[in-house]
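Engineer: Structure provided below as structure tokens; questions to follow.
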Amino acid sequence: MTQPRVLFYVQHLLGIGHLARASRVAAALAEDGFAVTVVTGGTPVAGFPGPGVTHVALPAVTSGDQGFSGLADLDGNPVDEAFKERRRDMLLALFAETRPDIVVIEAFPFGRRQMRFELLPLLDAISSASPKPRLVTSVRDILQERVKAGRNEESAELVAKHFDMVMVHGDPDFARLDETFPLAAGFSEKIAYTGLVAGPEPEPAAENLDVLISAGGGAAGAELARSAVEAAKLLPDSGRWCLITGPNLPQPDFDAVMAAAPPGLEVFKFRRDFASLLGGARLSVSQAGYNTVCDILRAGCRSLLVPFAAGGETEQEFRADRLERLGLASVVNEADLTAARLAEAIAAALAGPPPPRHLLDLEGVRRSAQVLRGLLAS
């Protein structure tokens, strides 16, 4: 029997959350017997998209700033039309070469509008292909709410015209797509929930920590990292701390954090054993990104969330608020973040009871493959 072919497009711009989630799904598809080609277009990240898939990297672009207002190359230069045309032509040639049975596009058309210069031509190529592949958008459960007038209507129109499925990586008992995308009712028959895309059960923790701070995969975590260092100085008797700054923190910022770290606080850019470290931590302090929250829920540890809100972002605040209401986390808003406020919240969380057992569906990795098998069978 011929392996079904999947072309999986993912573009990360600031952090690595989109790439990490898509990589987990792609690996599950490969394990389920799909022939998977992952095409990426962001800053290269070691270890991603992972084994078992064919990886094609387009010329990399990043977000010009935290507000996602423009695209830049790896040297920080704004990308020009020639650059965009080269990427578009590479993507269309890859589609023609792989002849996929399914095309999965991560985030678009609900996000990644900056990439329309290559994705709209791809949609047109899919529409005119014979045989025509199935087209799926792969989205997280909570979308950005503050969008410009007409954006939601544009996204809904693209779904109606081009997409066979909206694969939502979430538990509908926790958050439904229509809560942050009001027009979802217009394509409800295309929506399939997979559960949250969490990693597997981690290995037992090799070390025990009192406070584990993960500042995030992008430069946006710099303020959290700096505040954590100063908070550690205010709580000298609170045990062993570990700060993971994220791989994309600018080197001067990382060097400053290292120099300022007090005794009892270890600083790393990245830890491959992060998920297992959570299992041995009394408290996790982090932003409220999708993947980090999934890891925290898997570990079942106390959680203090500082949701990313720069540039009018609402997704992490929505997630953090809902977890707080369920008793699964405490929250410090980014606007209120100071060393003193963070230290106060850490002390309170350490003194409080462990969180209740959650009942959220974390099996989205396995179920994503099942959902796409079902789409092909239909």
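The values are calculated or read from the model by the stated rules, or taken from the named source; none is laboratory data. Model, not experiment: these values are computed from the prediction. Here the Cβ is made from the backbone with ideal geometry for all residues, glycine too, and neighbour counts use every protein chain on show. All accessible areas refer to the heavy atoms of the entire protein, side chains included, with ligands and DNA or RNA removed. Shrake-Rupley method; radii C 1.70, N 1.55, O 1.52, S 1.80 Å.
Engineer: So what J values fall out for segment 25-41 if you push phi through Karplus, 6.51 cos²θ - 1.76 cosθ + 1.60 with θ = phi - 60°, rounded to Hz, Gly and Pro as x?
Structural biologist: Karplus values, whole Hz, x for Gly and Pro: 5, 4, 5, 5, 5, 4, 5, 7, x, 7, 8, 10, 10, 9, 10, 10, x.
Engineer: Now for a separate question. Would you please give the residues with an amide H less than 5 Å from that of residue 285, counting only those at least 5 places away or on a separate chain, with H modeled from the backbone geometry?
Structural biologist: HN-HN under 5 Å from residue 285: 212, 213, 214, 304.
Engineer: Then there is this: Among the DSSP beta bridges whose two residues both lie in the chain, what percent are antiparallel, rounded to the nearest 5?
Structural biologist: 10 percent
Engineer: Express the carbon and sulfur contribution to the solvent-accessible surface of the chain as a percent, rounded to the nearest whole number, probe 1.4 angstrom.
Structural biologist: Answer for the chain: carbon and sulfur cover 52 percent of the accessible area.
Engineer: Here's something else I'd like to know. Rounded to a whole number of µm²/s, how large is the Stokes-Einstein D of segment 268-378 at 4 °C and 1.567 mPa s, given Rh as the Kirkwood radius over C-alpha pairs?
Structural biologist: 84 µm²/s
Engineer: Then there's this: Taking H as built 1.01 Å from N, whose amide H comes closer than 5 Å to the amide H of residue 267, not counting residues under 5 places away?
Structural biologist: 243
Engineer: In the structure shown, do any of 148/269; 233/269; 84/132 have a Cα-Cα gap over 31 Å, and if so which?
Structural biologist: 148/269
Engineer: If you line up the long axis of helix 315-325 against the longest principal axis of the chain, both from Cα atoms, how many degrees apart are they, to the nearest 10?
Structural biologist: The angle comes out near 50 degrees.
Engineer: Still on this model: Treating the angle as unsigned and between 0 and 90°, give the value, to the nearest 10°, between the Cα long axis of helix 222-234 and the longest Cα principal axis of the chain.
Structural biologist: With rounding to tens, the tilt is 20 degrees.
Engineer: Follow-up. With r defined as the distance between the Cβ atoms of residue 125 and residue 366 and R0 fixed at 30 Å, what FRET efficiency is calculated, to the nearest 0.05?
Structural biologist: FRET efficiency, residue 125 to residue 366: 0.45.
Engineer: Another question, if that's okay. Apply the a/c threshold of 1.5 to the C-alpha gyration tensor of segment 149-244 and tell me whether it is rounded, prolate or oblate.
Structural biologist: Taking the square roots of the gyration eigenvalues as a ≥ b ≥ c, segment 149-244 is prolate.
Engineer: Still on this structure, please answer the following. Under a no-solvent Debye model with one identical scatterer per Cα of segment 126-194, what's log10 I(q)/I(0) at q = 0.16, 0.20, 0.24, 0.26 Å⁻¹?
Structural biologist: -0.56, -0.83, -1.10, -1.24
Engineer: Once the principal axes of the Cα atoms of segment 210-332 are found, what is the range along each, listed largest first in whole angstroms?
Structural biologist: So the extents along the principal axes, rounded to whole Å, are 37, 32, 28.
Engineer: Mind jotting down the three principal axis lengths of the chain based on Cα atoms? Whole angstrom, largest first.
Structural biologist: 67, 45, 42
Engineer: What is the set of long-range amide H partners of residue 165 at a cut-off below 5 Å, with H atoms built 1.01 Å from backbone N?
Structural biologist: Under 5 Å from the amide H of residue 165 lie the amide H atoms of 135, 137, each far enough along the sequence or on another chain.
Engineer: Right, another one. Can you give me the angle between helix 251-260 and the longest principal axis of the chain, using Cα atoms only, in degrees from 0 to 90, rounded to the nearest 10?
Structural biologist: So the inclination is approximately 20 degrees.
Engineer: While we're on this one: When the distances between all Cα atoms of segment 44-199 are binned every 5 Å from zero, what whole-number percent does each bin get?
Structural biologist: That works out to 2, 8, 15, 19, 20, 19, 13, 4, 0, 0, in percent per bin.
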